[in-house]
Every structure is written in structure tokens, then in C-alpha cells.
Amino acid sequence: MSMTVITPALPGPSVLEEARRRRTFAVISHPDAGKSTLTEALALYARVIKDAGVTHGKSSRHGTVSDWMGLEQERGISISSAALQLNHGDAVLNVVDTPGHADFSEDTYRVLAAVDFAVMLIDAAKGFEPQTLKLLDVCRRRGLPIITVINKWDRPGLEALNLIDGIAEQTGMNPVPLTWPAGRAGEFAGLFDLYRGEAVQLEAVRGGALPSLETTVAGGPATRDAQWQAALEEAELVTAANGKFDPAAFQVARQTPVLFTAAAKNFGVRQLLDVLTELGPAPSARRTAEGGHQPVDAGFSGFVFKVQAGQDAAHRDHIAFLRVCSGVFERGMVLTNARLGRPFATKYAHRVIGRSREVVDYAWPGDIVGLVNAARLRVGDSLYATETVRFPEIPHFAPELFTVARAADPGRYKQFRRGIAQLEHEGVVQVLRSDRRGEQAPVLAAVGALQFEVAQHRMAGEFHAPATFEPLPYTLAMHLNNAGETRLPETFRGGEIMHRSDGETLALFTDRYKLEHFREDNPGVEISAIGT
Ligand code: G4P
């Protein structure tokens with residue numbers, strides 16, 4: 001079924017033209033590498049904010065920019081993913097936020113389904129950290145091109161050459177510097193813009209509250225002191241060894257361009273903004289579930305990559321974040337939800353940045369739209385205006401944490417069930433069931449502990465069904481592909497078998513050894529890893 005109520009009178013520019021201007025990306029990093037600071041610095045250069053001084057740094061940011069939920073306010077973290085839209089020259093940048101707290105959540109991964117490339121941010125003093133590598137792994141599996149940024153160069157850190165070697169070793173990508181710092185980490189005097197072929201001296205203005213002062217070094221770097229000479233030699237060494245920037249190798253993530261920044265001082269940020277707009281890939285034809293490709297200038301289509309409920313406790317609202325894949329989104333158009341074959345009216349469409357919402361009347365391929373009152377929409381749903389389009393499902397990610405949930409007050413069991421079903425629907429946690437445990441005690445599964453905190457918070461606050469959580473000792477879940485044909489017991493040594501409402505059967509194990517024993521004991525069972 002398909003229906004359109006409004007035929008958009010195309011305003012001015014063509015879809016292709018608008019898509020060409022878009023750059024939709026996420027910044028992936030370990031907490032504290034400076035993702036928020038860098039995003040604010042980009043916003044400062046794009047003149048979205050006037051003064052980075054008011055927001056740079058965690059202490060001043062707390063409770064101001066994106067902390068809308070009680071739990072976020074308590075913990076001073078940002079759980080909600082939204083997208084910040086910036087303009088730079090002719091380009092429109094959509095910076096899709098990956099929640100930057102210490103815990104992983106599935107949301108963090110799902111965001112990566114909605115972007116066209118990623119910026120991998122590394123703290124110069126720490127090098128690669130585990131969370132960055134996990135996120136990078138998801139990016140690689142999605143085939144996303146990666147731009148690497150080494151941040152905090154104004155602080156003592158590792159040697160630039162060691163960092164470059166580390167990128168090659170840890171990621172398998174060939175790092176190609178586009179900027180190179182003059183001065184060791186902690187003595188950031190300026191940089192060679194290898195991309196533009198100029199040397200730029202940098203000075204912080206008002207401690208980083210305003211864009212840094214850039215002075216192009218007259219006569220080239222040869223006239224400068226030993227610091228600049230050493231930097232030039234290093235840059236030449238790396239370029240000789242790793243080669244020059246190659247768009248084709250970048251596109252398939254064999255090569256990653258590298259830039260150095262001190263986001264807190266706005267050093268190297270303009271150069272990064274230029275690289276994002278000039279080298280970052282624009283939205284292109286998107287793969288469909290049927291294996292075809294949806295061109296950006298086809299009729300409107302998009303998919304939901306995140307659903308958020310309870311942002312406004314008073315209104316019980318549900319926001320579904322939609323990535324536009326093709327055509328023009330016009331607020332008010334009636335779309336079809338491919339999963340349900342039912343119409344969805346888009347009267348309320350917002351751009352959500354923390355607490356603030358701005359009405360979106362039009363959106364183009366690459367843009368992120370928050371659809372309000374979207375209780376029926378689920379993560380992975382495809383929406384289209386005219387021709388039927390279905391995008392691939394966003395994969396489930398392998399949970400590593402498991403807990404049994406029970407209603408703290410058995411008299412509120414009905415509310416408990418409703419709450420668990422809603423959390424499952426939104427993908428806040430995965431919900432696993434078995435006959436043995438029954439409906440009263442489902443097992444919640446998550447990638448990060450914060451998912452459980454959010455679930456518990458919402459069970460009490462929103463569904464009025466406080467729940468007790470009892471952690472289980474499992475650390476590993478695998479798919480059982482032919483469980484239906486085998487007669488397996490529900491429990492075994494070091495594990496148990498459970499079911500998800502999408503029909504998948506999962507085996508949970510305390511550790512890898514138990515998985516190996518299970519394999520040996522059940523040679524007829526097909527076991528495979530979760531997620532792709
Ligand atoms: P995140 O979003 O990745 O978690 O990191 P965030 O931007 O919050 O930055 C973490 C800390 O690192 C902050 O300090 C921030 O000021 C600092 N930082 C970020 N980029 C740079 C940089 O380029 N140079 C230096 N020297 N510091 C940087 P904080 O102590 O948590 O907050 P505050 O004391 O600055 O308020």
C-alpha cells in the first residue's frame with residue numbers, strides 16, 4: 001500500500017544538488033577524548049554558537065546542552081542521540097551524536113547505520129582505547145570511510161610518529177596525514193597543512209573561546225626554527241612511507257586521512273572542517289533489503305535508526321529519528337511504514353538538539369529528522385512516500401550483560417509487562433524469555449550497563465512498575481540456528497537457552513569454555529555469532 005496526500009512542490013534546488021552538499025557523519029571515540037569539545041569547536045567555526053567558552057569542558061556543560069532526562073541530569077551524561085546541523089561554505093554538515101559515556105549501549109552502534117562516514121577521535125596522550133576500537137569495528141563492518149583526528153596536541157602526549165604507527169597496527173588502515181603539528185605534544189605552535197600546502201602558526205584566542213588566530217608562515221617553513229624543521233622532516237617521512245591521500249582507498253577504508261587538533265584551543269579545527277566538507281563523502285545510493293540500491297533522487301525514503309521515549313515525562317512522547325535516504329522530506333507528508341504497510345502522518349517533525357527542538361519543514365538525503373508522536377515506529381523501520389522501499393534491518397548486537405527483571409510489587413505486574421514490552425519495542429534492551437523463567441522473570445540483555453540503568457529508571461518513573469534486577473553470570477550469547485529441529489534442554493552446565501520475540505533462539509554462556517563444551521556435546525546444533 002502506498003499513499004501520498006501532499007505532493008511536495010519542490011522548493012528551488014534539486015534533490016541531487018542538496019544531497020551533494022550534505023556530509024553526514026558521527027564522531028567515534030573513547031569517553032574524554034574530546035568529542036563534545038570538538039563538536040562545539042566545529043559549531044563555533046560554523047557560527048552556530050558564538051562563544052565556545054561557555055560550553056567547552058564538562059563542568060560548564062553539565063545540565064546545559066543535552067541533558068534532558070532525569071538520569072542524564074543525575075549522572076551528567078548524554079544518553080540521547082541527536083544530530084547537530086552545521087553550515088560551512090556551501091556544505092551542510094550533519095554531526096550525528098554517539099552517546100559519549102563510559103558504557104556502551106546498542107544505540108551507540110545503531111547511530112553508525114545512519115551516517116556516511118566517521119571521524120575517529122584519539123587522545124594524543126592515550127592513543128587507542130578499547131571503546132574506540134569497538135566502535136571502529138562496527139564502522140568497518142558497515143564499510144564506512146574513517147577520518148582520524150588526534151586531539152589534545154596542546155598537552156604532553158605520545159610521539160606523532162608512534163601514533164601514526166599505532167593507527168596502522170591497530171586498524172589495518174594506512175594513515176595518511178593531511179596536517180602535521182609543529183612542536184611536540186604539549187608545544188603545539190602551528191601546523192603544516194599538507195593538504196593545502198601551507199604552514200600555519202596558531203594562537204589561542206581568549207583561551208579557546210573564539211576561533212584561533214592563524215598566521216600563514218611567510219616564506220615557508222624553511223625560515224622557521226628547529227621545531228618546524230623537525231616537523232617538516234617527519235611529515236615528509238610519513239608521506240614518503242604511506243603515500244598521498246587517495247580518495248578511492250579512503251572510500252573503502254583502506255586509507256585514513258589523519259589530522260592533529262587541540263579542540264579546546266580550536267587548533268586545527270578549521271582545517272578539519274575543510275577536510276570534512278571537501279573530502280567527506282556525500283550521501284549516495286543506499287542498499288535496499290532486496291539487494292538493489294535506492295538512488296538519492298528517487299521518491300522520498302528513509303529509515304528509523306533510533307527511537308526515544310520519555311523525553312518529556314509530562315507528554316509521554318516518542319521520537320523516532322529518521323535518516324533521509326532519498327527524495328525530499330516535507331513536513332505533513334503522509335508516508336508508508338514498510339513493515340506495517342500503514343500510513344504515518346508527519347505533522348510533527350523536529351530537529352532535536354538536547355532539550356531544544358526546532359520544526360523541520362524540509363529535509364534532504366543525509367539529514368536527520370525527529371518524528372514526534374511516533375509510538376508505532378521501531379528501530380529499522382523504513383518509510384517511503386510512493387514507491388515501496390525497504391532498507392536492511394539494523395542488526396542486533398551481541399549482548400554481554402544479562403539480568404533477570406521482576407516486578408518489585410507483584411500487584412503491579414500488568415504495568416511491569418507493559419513497561420518491559422515498551423522497552424523491548426524501542427530497543428532499549430533485548431528481552432529474552434524461556435518457559436522455565438516465565439513471563440514474570442524475563443531476562444534483559446544489553447551491550448552496556450547503562451542500558452539497564454535506563455530500563456530500571458523508566459520502569460519506575462514512566463511505567464510506575466519499579467523492577468528488581470538480578471544479574472546473571474553470563475557474558476556471551478550466540479544464535480542457535482536450527483534449535484527448532486533439535487531437542488535441547490533449557491539449561492546446561494554454564495548456560496541456558498532463551499528466545500527473543502523476533503523468533504531467534506539464543507544460547508547464553510558464562511564464558512568461552514562453556515561454549516566450546518556445548519559445541520562438543522551438541523555437534524548437530526548450528527551456532528553462529530550475533531550481529532554483523
Ligand atoms: P568527550 O565528549 O569525548 O567525553 O570529551 P570532552 O569533550 O568532554 O572532553 C574531556 C575533557 O578533555 C574536558 O576536560 C575537555 O576540556 C578536555 N579537552 C578536550 N579537548 C581538549 C584539547 O584539545 N586539549 C586539552 N588540553 N583538553 C581538551 P574536563 O576536565 O572534563 O572538563 P573542564 O575541566 O575542561 O571543564
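Tabulated results
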quantity: Search result, residues across the range 159-172 that are more than 18 Å from Gln131 (Cβ to Cβ) and either open to solvent by less than 20 Å² (accessible area, probe 1.4 Å) or within 16 Å of the ligand (Cβ to nearest atom) (or both); calculated: Ala160, Ile164
quantity: Selection status of Thr256, open to solvent by 10 Å² or more (accessible area, probe 1.4 Å), in contact with a strand residue (DSSP E or B) (Cβ under 8 Å, 6 or more places away or on another chain) and modelled with pLDDT of 95 or more; calculated: no
quantity: Unmet requirement for Gly207, which otherwise passes all of (1) in a helix (DSSP H, G or I); (2) more than 24 Å from the chain's Cα centre (by Cα); (3) away from the ligand (no atom under 16 Å from the Cβ); calculated: (3)
quantity: Residue match in the range 491-499 (condition: part of a loop (DSSP other than H, G, I, E, B) and at positive phi); calculated: yes
quantity: Tally of residues being within 16 Å of the ligand (Cβ to nearest atom), of a type outside the set (D, E, K, R) and either more than 18 Å from Met120 (Cβ to Cβ) or not in a strand (DSSP E or B) (or both) across the range 237-282; calculated: 10
quantity: Filter pass, Ala226 being of a type in the set (A, V, I, L, M, F, W, C), surrounded by fewer than 15 Cβ atoms within 10 Å (Cβ to Cβ) and more than 30 Å from Arg140 (Cα to Cα); calculated: yes
quantity: Flag for Val176 being among the hydrophobic types (A, V, I, L, M, F, W, C), surrounded by 18 or more Cβ atoms within 10 Å (Cβ to Cβ) and in contact with a Leu (Cβ under 6 Å, 6 or more places away or on another chain); calculated: no
quantity: Some residue of the range 448-465 being part of a strand (DSSP E or B), touching a residue at least 60 places away in the same chain (Cβ under 8 Å) and not small (Gly, Ala, Ser); calculated: no
quantity: Enumeration of residues in the range 384-398 that are more than 13 Å from Val307 (Cβ to Cβ) and among the hydrophobic types (A, V, I, L, M, F, W, C); calculated: Ala385, Val389, Phe391, Phe397, Ala398
quantity: The range 283-305, subset outside any strand (DSSP E or B), in contact (Cβ under 8 Å) with a residue 60 or more places away in the chain and open to solvent by 30 Å² or more (accessible area, probe 1.4 Å), residue nearest to Ala114 (Cα to Cα); calculated: Ser284
quantity: Some residue of the range 259-282 being under 28 Å from Ala385 (Cα atoms) and surrounded by 21 or more Cβ atoms within 10 Å (Cβ to Cβ); calculated: no
quantity: Boolean, Glu198 is within 15 Å of the ligand (Cβ to nearest atom), among the acidic types (Asp, Glu) and modelled with pLDDT under 90; calculated: no
quantity: Cross-chain or 6+ apart pairs with Cβ under 7 Å, the range 35-52 first and near the ligand (Cβ under 8 Å from one of its atoms), then modelled with pLDDT under 75 and part of a loop (DSSP other than H, G, I, E, B); calculated: Lys35/Gly100; Ser36/Gly100; Thr37/His56; Glu40/Ile49; Glu40/Thr55; Glu40/His56
quantity: One residue from Asp116, Asp154 being within 16 Å of the ligand (Cβ to nearest atom), open to solvent by less than 50 Å² (accessible area, probe 1.4 Å) and in contact with a Lys or Arg (Cβ under 8 Å, 6 or more places away or on another chain); calculated: Asp154
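Residues are listed down the side, and each one gets a yes or a no for (1) assigned to a strand (DSSP E or B); (2) in contact with a strand residue (DSSP E or B) (Cβ under 8 Å, 6 or more places away or on another chain); (3) under 27 Å from Leu86 (Cα atoms); (4) open to solvent by less than 50 Å² (accessible area, probe 1.4 Å):
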site	(1), (2), (3), (4)
Pro343	yes, yes, no, no
Arg376	no, yes, no, no
Pro399	no, yes, no, yes
Gln440	no, yes, no, no
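The values are calculated or read from the model by the stated rules, or taken from the named source; none is laboratory data. If you're wondering where the values come from, they're calculated on a predicted model, not measured in any experiment. Because the Cβ atoms are built from the backbone with ideal geometry, glycine has one as well, and the counts that use them run over all protein chains shown. Each accessible area value is taken on the protein alone, full model and side chains, heavy atoms only, with ligands, DNA and RNA left out. Shrake-Rupley method; radii C 1.70, N 1.55, O 1.52, S 1.80 Å.
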